[in-house]
Each structure stands twice: as C-alpha cells, then as structure tokens.
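Each remark here refers to the structure printed beneath this line.
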Amino acid sequence: EEMPSDGVRPDAVTFNTLIDGWSRVAARGGFSRRQTATSGAWKIYEKMLEAKLVPSMITFTTLAKTCSFAQDCEGVTRLVSEVRTNRPRDVEPASTSVLCKALIGCGFLDEARAFLDDMIDLAPKGRGKDGRPIAAWSRIETAVSQALKDSSAA
C-alpha cells in the first residue's frame with residue numbers, strides 16, 4: 001500500500017513476491033497462521049486484479065501452495081475457477097502439476113483430471129499431432145490417473 005504513495009507502481013512480479021511471502025508463512029505456521037496466510041494471499045491477489053495486472057501461472061501456483069499448506073480446499077476450488085476464468089498464457093506442466101496436486105490433496109480427483117485436460121488443451125504444444133499429451137504432460141496425467149485408481153481401490 002505504501003508503494004503507490006511513494007510513486008512506485010507495483011507490477012505482477014511485486015504481487016507474486018508478496019503472495020509467495022504469505023505462502024512461506026503458511027508453510028511454517030500453525031493452523032491460525034495458515035488461515036491468516038491464506039487470507040493475506042487472496043487479498044494481495046485481489047489487489048493485483050484491482051491494479052489491472054494479469055495473473056500468470058506463477059501467481060496461481062504460489063496461491064495453490066499457500067492453499068495447500070493451509071489445507072484450504074475451498075481456496076483450491078476458487079483458485080481453479082480463477083485459472084479457468086483468467087486463462088493464463090503461460091500454462092505449462094510444472095505449474096499445472098502443483099494445481100493438480102492441490103486438488104488431489106483435497107480429494108477432488110475428478111476435478112484434477114478435468115482441470116489437467118483443460119490445461120493441456122490451453123497450453124501451447126500441449127498435445128502432439130496424434131492428440132495425446134506430450135511427454136511432460138503425460139507424467140502429470142499418469143500421476144492423476146494413479147490417484148484416481150488408488151481412490152477407487154480404497
């Protein structure tokens with residue numbers, strides 16, 4: 001909040017760094033600190049949107065880590081909705097993996113599968129000419145499929 005009053009306009013990197021700070025609080029805190037961190041991270045994200053900045057997969061990955069550390073499954077579902085709404089241009093396997101792991105951690109296995117399919121379709125070069133995911137994506141697909149298989153066996 002002080003940056004604009006000091007004549008400094010925060011950019012996306014600034015907001016992502018602030019969100020990452022809350023993620024680190026969530027990783028190291030007890031339950032109440034984790035809840036505070038999740039709330040703080042979402043407030044920074046909302047300020048980012050108010051500043052008319054476009055969130056990237058880095059933004060969403062950092063929010064996913066914060067929600068995962070805090071075991072905030074409501075936040076994870078909100079996050080997936082935000083990704084689908086904002087359709088970031090920098091979709092890639094590593095970030096998608098973090099988001100899928102957050103969904104799986106919350107028990108949202110079918111949603112993880114659907115989200116992965118959406119991100120593969122959205123990603124540049126997500127599928128080969130045969131329509132199958134390229135190698136980097138297929139590793140995530142295998143992990144999500146295994147989580148689904150494990151849950152149905154339990």
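The values are calculated or read from the model by the stated rules, or taken from the named source; none is laboratory data. These numbers come from a predicted model, not from an experiment. Cβ: placed from backbone, ideal geometry, glycine included. Neighbour counts: every protein chain shown. Note: accessible area is taken over every heavy atom of the protein model, side chains too, but ligands, DNA and RNA are not part of it. Shrake-Rupley method; radii C 1.70, N 1.55, O 1.52, S 1.80 Å.
Taking amide hydrogens as placed 1.01 Å from N in the peptide plane, the amide H of Arg127 sits under 5 Å from those of Ile134, each at least 5 positions away in sequence or on another chain. In units of the compact-protein estimate 2.2 N^0.38 Å, the stretch 1-119 shows a Cα radius of gyration of 1.04. For the stretch 1-134, the dipole from Cβ point charges (+1 on Lys and Arg, -1 on Asp and Glu) about the Cα centre works out to 300 debye, to the nearest 20.
Please report the relative contact order for the stretch 13-104, taking Cα pairs under 8 Å with a sequence separation of at least 6, and give it as a percent rounded to a whole number.
Across the stretch 13-104, relative contact order equals 31 percent.
The distance between label points at Arg127 and Ser32 comes to 5.1 nm (points 7 Å beyond Cα on the Cα→Cβ vector). List the lysines whose Cα sits under 28 Å from the Cα of Lys47, skipping any in the same chain fewer than 8 residues away. Lys47 reaches Lys65, Lys101.
One chain, two ends: Ala114 and Ser145. Fully extended at 0.36 nm per residue, the span grows by 10.0 nm beyond their Cα-Cα distance. With each label modelled as a point 7 angstrom along the Cα→C-beta vector, the Glu50-Asn86 pair spans 1.6 nm.
Local charge for Ser145 was computed over the other residues whose Cβ lies under 12 Å away, with Lys and Arg +1 and Asp and Glu -1, and equals -1. Ordering of 18-26, 108-116, 78-86 by packing is 18-26, 108-116, 78-86, highest average first (other Cβ atoms within 10 Å, averaged per residue). When the residues Lys65, Lys43, Lys129 are ordered by accessible surface, computed with a 1.4 Å probe over the protein chains alone, the sequence from largest down reads Lys129, Lys43, Lys65. At a 1.4 Å probe radius, carbon and sulfur cover how many percent of the accessible area of the chain? For the chain, the apolar C and S fraction of the accessible surface comes to 54 percent.
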